[in-house]
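The values are calculated or read from the model by the stated rules, or taken from the named source; none is laboratory data. It should be emphasised that the depicted structure is a prediction, and the values quoted were computed from it without experimental measurement. All Cβ positions, glycine included, derive from the backbone under ideal geometry; neighbour counts span all protein chains shown.
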């Protein structure tokens, strides 16, 4: 049996063209993964927010519910906006500014002062003696931090105001 040494080039199998389907699947999967991570991401605040939050919860007289609406971190002080419902159903929105001590150019988690709703009225919780007594518990708060998720309340969204007073949380 004789073997032909030269084959007809047109008779050889042509490899099929690879389409970009595999690249599209890989790109789509990567995009879906990043999108899911984005949806599940919840920003965390510093321990300063946690210390101020604990101070609010310990010094708010008879709160039925407290909902944190916003937090602004300015480095040495933090401003927290929260809604409080007392046992009688009275709803109030308060602002607290917690100022922290600076030692050797570093902001510590120890409170220097607390300002509730500006300087128009002096509250008992703003008393420097009470703030210094609270500072003794800061190492415990650092060891067991509270929920440090940054509160989100869309203050620019008018539709959110409809349910502002009627929300169950």
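With respect to being out of contact with any helix residue (DSSP H, G or I) (no Cβ under 7 Å at 6 or more places or on another chain) and loosely packed, with under 14 Cβ neighbours inside 10 Å, residue 101 falls outside the description. Of everything in the stretch 80-122, what is over 26 Å from the mean Cα position of the chain (by Cα) and under 19 Å from residue 64 (Cα atoms)? Give them in sequence order. Selection gives 87, 88, 89, 90. Check whether at least one residue in the stretch 143-159 is modelled with pLDDT of 90 or more and outside any loop (DSSP other than H, G, I, E, B), and report yes or no. So far as the stretch 143-159 goes, yes, one or more of its residues are modelled with pLDDT of 90 or more and outside any loop (DSSP other than H, G, I, E, B). Going residue by residue through the stretch 56-72, is there one that turns out to be exposed (fewer than 10 other Cβ atoms within 10 Å of the Cβ), outside any loop (DSSP other than H, G, I, E, B) and modelled with pLDDT of 85 or more? Scanning the stretch 56-72, I find no residue that is exposed (fewer than 10 other Cβ atoms within 10 Å of the Cβ), outside any loop (DSSP other than H, G, I, E, B) and modelled with pLDDT of 85 or more, so the answer is no. Residues that are in a strand (DSSP E or B) and more than 16 Å from residue 79 (Cβ to Cβ) within the stretch 93-131 comprise 101, 102, 103, 106, 108, 109, 110, listed in sequence order.
Among the residues of the stretch 30-46, those that are in contact (Cβ under 8 Å) with a residue 12 or more places away in the chain and either crowded, with 16+ Cβ neighbours inside 10 Å or part of a loop (DSSP other than H, G, I, E, B) (or both) comprise 42, 43, 45, 46.
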